[in-house]
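The values are calculated or read from the model by the stated rules, or taken from the named source; none is laboratory data. Worth saying up front: this structure is predicted, and the values here are computed from it rather than measured. When we count neighbours, we look across all protein chains shown, and the Cβ atoms used for this are built from the backbone with ideal geometry, even at glycine. In case anyone asks, the SASA skips ligands and DNA or RNA and just uses the protein heavy atoms, side chains included. Shrake-Rupley method; radii C 1.70, N 1.55, O 1.52, S 1.80 Å.
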Amino acid sequence: MGFICSMENNSISFGSSIRFVNRDVYKLLEKKNFIDYRHDRPNILKADTFFSEEIRTCTGGGLVNPGSEALGFHFWDDMPNKKKFPYLMNCLFRFVKQPQNGLLVGSKNVPGNPYSIDQFQNIKKKFLERVKNLSIFEEHKMLNSETNYHYSLKDDTWTLCANFQDEKDMYYKSVTNIERLRNMYKNISIADGDRLFIDGKEIFPSDMPEIFQSAIK
């Protein structure tokens, strides 16, 4: 699989689809181009499809010019990446210079971890300055929770599998309804033009007006 060539087209402004699915559906996706979070590589990939998994205290997501180019990333929350922060941001915006859309997910407030929230906030600040339409899923609320993502440029779709373990039982559950989505992240913001689906059902601004930028304005 090769990189998608950049095409200058400032008129493109349509949004991405964001769909939350359960683990069984996520497993059935055809996945190519895994993005890990090791320190011996940038953990940034420009491709027409990519995926990353087990985003807990880390920060992941991507930048998109619909119909043209996309990249994904997964940054571990630690001192080495804190020191490399300017370099990492330069890499992201060098590969996709003027992104129309983007998505950020991750971080968790864990005792003894001083980097997770700080890293997410710093990345969010940079993205809000340079990304026209940004959807955010910020800070996993529950200790035992994680998000996996898959992106396809062909249909401009983010597929998220967000799993958590609550205090009632030992089994992991997925975000498959509005209530679970609300309980999963501390802050959610859906960009103008982006469409949100949970378990195959579209969620409209009238369903969750507090998270849609089009409803907040």
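Numerical summary
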| read-out | value |
| --- | --- |
| Conditions (1) in a loop (DSSP other than H, G, I, E, B); (2) open to solvent by 80 Å² or more (accessible area, probe 1.4 Å); (3) within 24 Å of residue 140 (Cα to Cα); (4) not hydrophobic (A, V, I, L, M, F, W, C); number of the one not met by residue 82 | (1) |
| Residue in the stretch 12-32 that is within 24 Å of residue 144 (Cα to Cα), surrounded by 17 or more Cβ atoms within 10 Å (Cβ to Cβ) and at pLDDT below 95 present | no |
| Residue in the stretch 46-68 that is of a type in the set (Val, Ile, Thr) and surrounded by fewer than 23 Cβ atoms within 10 Å (Cβ to Cβ) present | yes |
| Tally of residues being hydroxyl-bearing (Ser, Thr, Tyr) and either open to solvent by 20 Å² or more (accessible area, probe 1.4 Å) or free of Cβ contacts under 8 Å to residues at least 12 places away in the same chain (or both) across the stretch 129-168 | 1 |
| Qualifying residue in the stretch 205-213 (condition: open to solvent by 20 Å² or more (accessible area, probe 1.4 Å), modelled with pLDDT under 95 and of a type outside the set (A, V, I, L, M)) | yes |
| Some residue of the stretch 60-74 being under 20 Å from residue 119 (Cβ atoms), outside any helix (DSSP H, G or I) and of a type in the set (Phe, Trp, Tyr) | yes |
| Enumeration of residues in the stretch 96-120 that are open to solvent by 40 Å² or more (accessible area, probe 1.4 Å), under 25 Å from residue 179 (Cα atoms) and not in a loop (DSSP other than H, G, I, E, B) | 117 |
| Residues that are in contact (Cβ under 8 Å) with a residue 60 or more places away in the chain and more than 14 Å from residue 37 (Cα to Cα), drawn from the stretch 70-90 | 70 |
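Quick grid of which residues meet (1) within 18 Å of the chain's Cα centre (by Cα); (2) within 16 Å of residue 26 (Cβ to Cβ); (3) hydroxyl-bearing (Ser, Thr, Tyr):
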site	(1), (2), (3)
172	no, yes, yes
176	yes, yes, yes
179	no, no, no
183	yes, no, no
188	yes, no, no
195	yes, no, no
199	yes, yes, no
208	no, no, no
215	no, no, no
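So that you can scan it fast, the table gives a plain yes or no per residue for (1) of a type in the set (A, V, I, L, M); (2) open to solvent by 60 Å² or more (accessible area, probe 1.4 Å); (3) out of contact with any helix residue (DSSP H, G or I) (no Cβ under 7 Å at 6 or more places or on another chain):
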| position | (1), (2), (3) |
| --- | --- |
| 182 | no, yes, yes |
| 189 | no, no, no |
| 192 | no, no, no |
| 197 | no, no, yes |
